[in-house]
Structure formats: structure tokens, C-alpha cells
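Please read the structure below before turning to the comments.
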Amino acid sequence: MFQQYCDLAEELREDVTRLASELIRIPSISGTEAALADFLTQTLRGLGYDEVFTDKIGNVVGIIKGDGTGPSVMFNSHMDHVDPGEESLWEYAPYGGEVAGGFVHGRAASDVKAGMAAQIYAGHILKRCGAPLKGDFIFMGVVQEEPAEMFGMRHFCDVTMPERGIDFDLMVSSEATDLDLFLGHRGRAEIEVTTIGRTSHGSAPWRGVNAVYKMIPVLERVQQLAETLPEDPFLGKATCTLTRINCWPGELSITPDKCVVSLDRRLVRDETKEDAMGQIQAILDDLAASDPEFKAEVKLRTVQETSYTGVSAECEKYMHAWAIEENDPLVDKCVAALKAIGQNPGFGKWDFGTDASYVTGVLGIPTIGYSPMEEHYAHTPKDRCDINKLIKATAGNAAIAHSVAS
């Protein structure tokens with residue numbers, strides 16, 4: 001039956017490519033996914049999915065039902081994308097979805113609309129072939145992954161799943177893997193440090209306390225801290241780097257009384273947000289002990305997110321590190337399925353974060369990454385996906401679902 005999936009994916013080459021193009025042509029910057037959600041629900045119904053719905057936060061779900069006696073697999077893609085930026089830098093229009101040179105081009109082709117098309121058509125192939133599924137094939141298009149990684153996914157897992165009686169045993173993420181299997185990524189904490197000073201006229205700085213100067217030793221100590229952070233044998237080294245600095249009131253003739261920096265802290269397994277915050281707090285306490293004018297505070301950044309349906313929540317900018325082992329039985333099944341259709345996947349990890357941080361890092365449900373896209377095209381004016389890889393991934397997703405859910 002696996003060869004049948006390959007044959008049908010090739011037969012549907014134009015349809016799969018067309019869907020990828022159509023998805024790219026619908027702008028869906030984070031928080032504006034409504035038009036794409038409507039298109040997806042129509043597409044899923046048209047391709048024979050047994051159950052299709054949009055949940056309260058705006059996630060789109062399509063389910064092909066198994067007989068209920070085996071494990072279910074959820075194929076996840078995020079519907080949103082980053083802004084295309086300056087259009088003059090693009091060879092192909094960012095929302096053109098053009099097919100040229102063996103690629104489909106445009107914003108989100110590699111993050112992750114081509115992978116979304118491959119996942120959707122994998123379900124259609126299973127349905128059309130009458131695959132003997134014991135568990136469900138679930139496609140889930142999630143909202144607002146880009147700005148607040150787990151906003152839509154948390155709602156789906158905590159609210160939608162119990163309301164709808166949905167369960168799954170493996171998630172397949174369509175984030176870029178170039179047909180390899182990705183098995184984890186580091187966590188992330190966005191940390192804000194504020195130093196407090198006292199304003200004065202710029203001509204008389206001795207009357208004030210310059211908050212920027214008070215930040216300098218903090219940053220020096222942060223650099224020293226970064227050199228001592230632990231390294232994970234699979235995920236790589238934990239890091240901490242300055243990403244933004246601002247001061248107030250920001251006038252050329254006034255000594256600033258407030259300075260705020262943002263730190264991007266990447267975490268490895270066994271590190272927590274409390275660990276990361278505690279390390280910075282220790283630096284601040286040490287500096288305060290030797291400088292009576294030093295006043296500072298540290299906090300984990302939060303953002304208020306509102307979905308296109310109006311659901312709103314405050315989100316911590318924190319993601320758990322996670323990884324699953326190469327010899328995990330579910331990984332073995334995925335490898336065997338892909339080899340059965342002539343693919344030979346390697347193993348890898350993402351440097352960036354994904355919604356698997358909630359699914360696997362918090363809930364403990366295994367995730368693998370598998371998709372046709374190449375990470376180096378993501379978020380660039382060269383955004384694209386190789387069509388041959390797109391078709392291979394379509395068959396590969398069907399084979400993975402068959403292997404796990406049959």
C-alpha cells in the first residue's frame with residue numbers, strides 16, 4: 001500500500017502544488033488568518049475529511065476517522081506568517097504563489113504553507129486509498145504561532161480537545177526539515193532587565209544617575225554568564241544574548257532614568273525559566289551589594305495576544321526545551337515508513353522554537369518534525385519550496401500516518 005501512496009502523490013502533483021500556491025496567495029500575517037481559515041475549511045471538506053471545524057480561537061481542524069482501536073496522529077501546521085517586508089527585494093511576488101524553476105515561491109512557502117499542503121493531501125490520499133486506519137488522521141492549522149509560539153496550541157490542547165473528545169498520540173510538525181526527521185529544540189525565555197536611575201539636565205550629569213551606565217556592568221556579567229551555560233549533547237549549547245536596548249526619556253539633553261534590555265535566553269533540557277531568571281537576579285543582587293545607587297529588576301516578558309475570532313490571553317514568552325530519542329518506538333515506525341517509500345531520513349533538531357514546546361515539553365506527547373521545506377529560505381525574500389520534495393513529503397506523511405495509526 002505504501003507504493004500506492006507514492007503513485008497517488010505523483011498523480012496529484014499538480015493538485016498539491018496548486019494548493020500550496022493558493023495558500024501562499026492568501027495573506028495571513030499573525031492575527032489575520034480568517035480568510036485562510038475559511039479557505040482551509042472548504043478545502044478539507046472538498047477533499048473528503050470526515051469532520052471539519054474551526055474552534056473558538058480560530059484553529060482549523062480536519063479529521064479522517066479511524067475505527068477507534070489504535071493511536072491517532074495529528075499533523076500540525078501554523079496558519080500565520082511573518083510580514084514579507086520590502087517587496088522590491090523579492091524576485092517573485094510574496095503573495096504570488098508562482099511556480100517557476102521547480103519551486104513554488106512566496107511568503108510562507110517554507111514556513112509553512114507548502115508543508116501544510118503536503119499534510120492536507122496526505123489525509124486525502126489515505127481516504128482515497130481506503131487505508132485501514134485504527135486511529136484518526138488529524139490535520140490542525142494553528143493560529144498565531146509566530147508571535148506567541150503556543151497561544152493557539154495551548155487553547156487547542158486545553159480547551160478544544162476536551163470539548164470535542166479529541167486525543168492524539170503523536171504530533172507531526174510541518175516546520176522545515178528538508179525531509180529529515182527532527183526530534184527536538186531548545187527552550188526559550190525572553191527576559192527583560194530594567195535599571196533605574198535619576199534624571200538630570202545633560203549639562204549636569206552629576207546631579208542624576210544614568211540608568212544606561214548602570215546597565216553596562218549587568219551586560220558585562222551577562223556575557224560572562226553566557227560562557228558558562230550548559231550544553232546538551234543533542235540540542236546544543238544554552239545561550240543568552242542581548243537583543244534590544246532602550247532608554248527613557250530618550251531626549252538628547254536629559255540623563256536617562258530608565259534603561260530596559262531584552263535578553264534572548266535559549267534553554268536546554270533540565271533548565272527552567274526559574275533557573276534563567278535566578279541567574280540574572282543573582283547578578284543584580286551582587287551589583288546592588290557593592291553599589292548603593294544600583295537599582296534594577298528582572299522579569300519574564302509577557303504579551304497580550306488576541307486571535308482573529310476575538311479570543312484574548314496574556315502569554316508568557318517562555319518555551320520548554322524538549323527532545324525525543326532516536327530509538328523511540330514511534331520514531332522507529334516513522335523511519336520504517338519513510339524507508340518503505342524509498343526515503344532515507346536523517347535526524348536533526350531545530351534551532352528555533354515550535355508549538356511542540358507545549359505538546360511535548362509540557363504535555364509529554366511525542367512530536368517529530370517532517371516536511372519538504374528548507375529552513376534557510378524561511379523569513380527571507382527567497383522564500384520557496386522544492387516541488388519534488390513537496391510531493392515526496394505528501395507521500396511520506398501518508399506513510400507515517402499509516403505506520404503509526406494502522
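For the range 73-120, which positions are of a type in the set (A, V, I, L, M) and either buried (at least 24 other Cβ atoms within 10 Å of the Cβ) or at pLDDT below 95 (or both)?
Within the range 73-120, Val73, Met74, Met79, Val104, Ala108, Ala109, Val112, Ala114, Met116, Ala117, Ala118, Ile120 meet the criteria.
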Going through the range 254-286 in order, the residues found to be under 17 Å from Pro217 (Cβ atoms) and part of a loop (DSSP other than H, G, I, E, B) are Pro256
Just one listed residue, out of Pro292, Pro230, is modelled with pLDDT of 95 or more and exposed (fewer than 12 other Cβ atoms within 10 Å of the Cβ), and it is Pro292
Output for Cβ contacts, cut-off 8 Å, separation at least six or different chains, first residue charged (D, E, K, R) in the range 317-337, second in a helix (DSSP H, G or I) and crowded, with 22+ Cβ neighbours inside 10 Å, reads Lys333/Ile400; Lys333/Val404
Q: Answer yes or no: is there a residue in the range 154-165 that is without any contact (Cβ under 8 Å) to a residue 12 or more places away in the chain, of a type outside the set (D, E, K, R) and over 18 Å from Ser357 (Cα atoms).
A: yes
Residue count, the range 216-253, condition out of contact with any strand residue (DSSP E or B) (no Cβ under 7 Å at 6 or more places or on another chain) and in a strand (DSSP E or B), comes to 2
Scanning the range 23-65 for residues that are more than 16 Å from Lys113 (Cα to Cα) and among the hydrophobic types (A, V, I, L, M, F, W, C), the one surrounded by the fewest Cβ atoms within 10 Å (Cβ to Cβ) turns out to be Phe53
Within the range 170-182, the residues that are assigned to a strand (DSSP E or B) and in contact with a Ser or Thr (Cβ under 8 Å, 6 or more places away or on another chain) are Leu170, Met171, Val172, Ser173, Phe182
Legend entry - Residue within the range 200-207 that is at pLDDT 95 or above, part of a helix (DSSP H, G or I) and in contact with a His (Cβ under 9 Å, 6 or more places away or on another chain) present: yes
Within the range 275-292, of all residues that are under 17 Å from Thr239 (Cα atoms) and touching a residue at least 40 places away in the same chain (Cβ under 8 Å), the one nearest to the chain's Cα centre (by Cα) is Ala276
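Of the residues Gly123, Gly141, only one is closer than 19 Å to Leu390 by Cα, out of contact with any Lys or Arg (no Cβ under 9 Å at 6 or more places or on another chain), outside the structural domain of Val218 (by TED's automatic domain parsing) and outside any helix (DSSP H, G or I); which? I'd like the intermediate steps shown before the answer.
Values: Gly123 fails: outside any helix (DSSP H, G or I).
Result of the check over Gly123, Gly141: Gly141.
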Filtering the range 346-377 for residues that are under 11 Å from Leu183 (Cβ atoms) and out of contact with any Cys (no Cβ under 8 Å at 6 or more places or on another chain) leaves a count of 10
(Q) Tell me whether the range 311-334 contains one or more residues that are among the polar types (S, T, N, Q) and touching a Lys or Arg at 6+ places or on another chain (Cβ under 8 Å). (A) no
Of the residues in the range 305-338, those that are small (Gly, Ala, Ser), buried (at least 20 other Cβ atoms within 10 Å of the Cβ) and part of a loop (DSSP other than H, G, I, E, B) number 2
- Message: So for the range 147-164 (the condition being in the same structural domain as Phe39 (by TED's automatic domain parsing), in a loop (DSSP other than H, G, I, E, B) and at positive phi), does at least one residue qualify?
- Response: no
The number of residues in the range 21-61 that are of a type in the set (Ser, Thr, Tyr) and in contact with a Leu (Cβ under 9 Å, 6 or more places away or on another chain) is 3
Output for Cβ contacts, cut-off 9 Å, separation at least six or different chains, first residue acidic (Asp, Glu) in the range 52-76, second surrounded by fewer than 18 Cβ atoms within 10 Å (Cβ to Cβ), reads Asp55/Val159; Asp55/Glu163; Asp55/Arg164; Asp55/Thr309; Asp67/Pro132; Asp67/Lys134
Within the range 345-366, residues in contact with a Phe, Trp or Tyr (Cβ under 7 Å, 6 or more places away or on another chain) and among the charged types (D, E, K, R) come out as Lys349
Here the residues within the range 339-369 that are in a loop (DSSP other than H, G, I, E, B) and of a type in the set (S, T, N, Q) are Gln343, Asn344, Thr354, Thr360
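The values are calculated or read from the model by the stated rules, or taken from the named source; none is laboratory data. In this text, all values refer to a predicted model and were calculated from it rather than measured experimentally. Backbone-built Cβ (ideal geometry, glycine too); neighbour counts: all protein chains shown.
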